[in-house]
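Asks: For reference, the structure I am asking about is given below.
The values are calculated or read from the model by the stated rules, or taken from the named source; none is laboratory data. Values in this document were obtained by computation on a predicted structure and should not be read as measured data. We place every Cβ from the backbone using ideal geometry, glycine too, and count neighbours over all the protein chains shown. Accessible surface is based on the protein model in full, side chains and every heavy atom, while ligands, DNA and RNA are left aside. Shrake-Rupley method; radii C 1.70, N 1.55, O 1.52, S 1.80 Å.
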Amino acid sequence: MNFAIVGAGNIGRGIAQNLIENGHEVEIMDKSHDSLDRIRDMMPKVRTIEFDVMDRSSYRKLDNYDVVISALPGSVGMQFLRNAAKTGKKIIDVSYTEEDPVELDSIAENSGTVIVPDMGFAPGLTNAIAGYFTADLESIENVKIYVGGVPEKPLPPLDYTITWSVEGLIDEYTRPARIVRNGKQIQVEALSGIERISIGDYGEMEAFYTDGLRSLARNIRCSGDMFEKTIRYPGHAEKIAVIRDMGYFDRTKISGCNLTMFEISEQLFMKRLYRPEIHDVVLMRVMVSGKKLGNPVKRSAEMEVHYDTARSRTAMDITTSLPASITAEFLSGQVNVPSGILFPEELGRDRNYFEQLTDSLRRKGVNLQITVK
């Protein structure tokens, strides 16, 4: 199969590596010549093509591919989807856009395009698990998601290292979190709702609300609680809340300066917290409760993924890129996929897809520990 990846950053490169390891042909597209040069140096087997998201004529370059994967920054991800929705292609998207991709459903459907948005780690893998767990329940009570990437050991000053977009990270700390409480959707402050949690070898962690439910709150209805919480070392949320409340994440221009505090903080975070020599770990737990045939049911999935020293790949790269590449492989072999927007939780209800997802993850060393009670 022939795959095109739009976006030559770390995640795009990780998706390409997954597909190449499985024997596929991959071409990476990006507007940045420097990014494409780095890809060619690191991955000689990959062909690179210049692609401008804002130039509609660029989209003709997608004609010869079975599946297109968008690994663009969220700031331009929606613009790509708007244009790509008219191409009649199968599209996997891992960019977390501020806008809701559901608005493109009718355009994609009328154009014969299939779009799977938010198909990374969280949202993405977590949504697919929630979809699979709830598919056969007659009623759903709670859906609780805990996710996070941290250094393998706490590291001052924030016990955190940068493994993905700094802009996305700060947005996660500032954007109000949409959750469901007692069956009704509400908003709460990010970093609130702190609780203690243990996963695998990490026995003393904290988890707090962040805005990660996305389409889950619309596509899965529950009578109790539904939320996503981000996992960090204890004390992290309190430190970040102080930084936020002091105004260091504000997006208004500073008087007499052409920068915002957000932009300054973004640079400081990158300078102080980007430590590629520090190995990371990704933790996840998804819990669903409800009823099947009148009987109470509890299902959970848990994983602990560490930095891959053999391939020099971060745990965050592995857990974000694999759901996207596995989904691309699955869709490439499907003929009668209904066009329109297909959310990860909807795809997760397909047993064949979920089995391919978990089997493929396992072959790459990512083991989901699934428990059913």
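Asks: Using a 1.4 Å probe, how large is the accessible area of Arg349, given in Å² and rounded to the nearest 10?
Replies: 100
Asks: Please check the chain for the longest run free of GluC sites (Glu not before Pro) that are loop-located per DSSP (anything but H, G, I, E, B) and have at most 14 other Cβ atoms within 10 Å.
Replies: 1-97
Asks: Please report, ordered by residue number, every helix of the chain (full DSSP H runs) that is 20 Å or longer along its axis going by C-alpha atoms and whose mean Kyte-Doolittle hydropathy reaches 1.0.
Replies: Working: long enough: 315-332 (26 Å, 0.76).
Qualifying helices: none.
Asks: Also, quick follow-up: Looking only at Asn182, Asn258, Asn18, which one moves most when the chain is put into a Gaussian network model with springs between Cα atoms under 10 Å?
Replies: Asn258
Asks: Which of rounded, prolate, oblate describes the stretch 1-96, given a ≥ b ≥ c as roots of the alpha-carbon gyration tensor eigenvalues and a/c under 1.5 marking rounded, otherwise prolate only if a/b is larger than b/c?
Replies: Cα axes put the stretch 1-96 in the prolate bin.
Asks: When a/c reaches 1.5 or more, the comparison of a/b and b/c decides; with that in mind, is the chain rounded, prolate or oblate per its Cα gyration tensor?
Replies: Values: a/c = 1.39, a/b = 1.06, b/c = 1.31.
Rounded is the answer for the chain, as its axis ratio a/c remains below 1.5.
Asks: According to the square roots a ≥ b ≥ c of the eigenvalues of the Cα gyration tensor, what is the shape class of the stretch 260-305, taking rounded for a/c under 1.5, prolate for a/b larger than b/c otherwise, and oblate for the remainder?
Replies: oblate
Asks: So how do His306, His33 rank on accessible area, 1.4 Å probe, biggest first, that is with the largest at the start? Write down the numbers at each step before the final one.
Replies: On the way: His306 65, His33 105 Å².
So, going from the largest accessible area down, we get His33, His306.
Asks: Also, I was wondering about something else. What whole-number distance in Å separates the alpha-carbon centres of the stretch 290-311 and the stretch 1-52?
Replies: Cα centres, the stretch 290-311 to the stretch 1-52: 31 Å.
Asks: Right, another one. Can you count the Lys pairs in the stretch 179-316 with C-alpha separation below 22 Å, eight or more apart or on different chains?
Replies: Lysine pairs, 8 or more places apart or on different chains, close enough: 7.
Asks: With each label point set 7 Å from Cα along the Cα-Cβ vector, what nm distance links Lys291 and Ser75?
Replies: Placing both labels 7 Å along Cα→Cβ, they lie 5.0 nm apart.
Asks: How about Lys90: which lysines have a C-alpha closer than 19 Å to its C-alpha, ignoring those fewer than 8 places off in the same chain?
Replies: Once the sequence-local lysines are set aside, what remains near Lys90 is Lys61.
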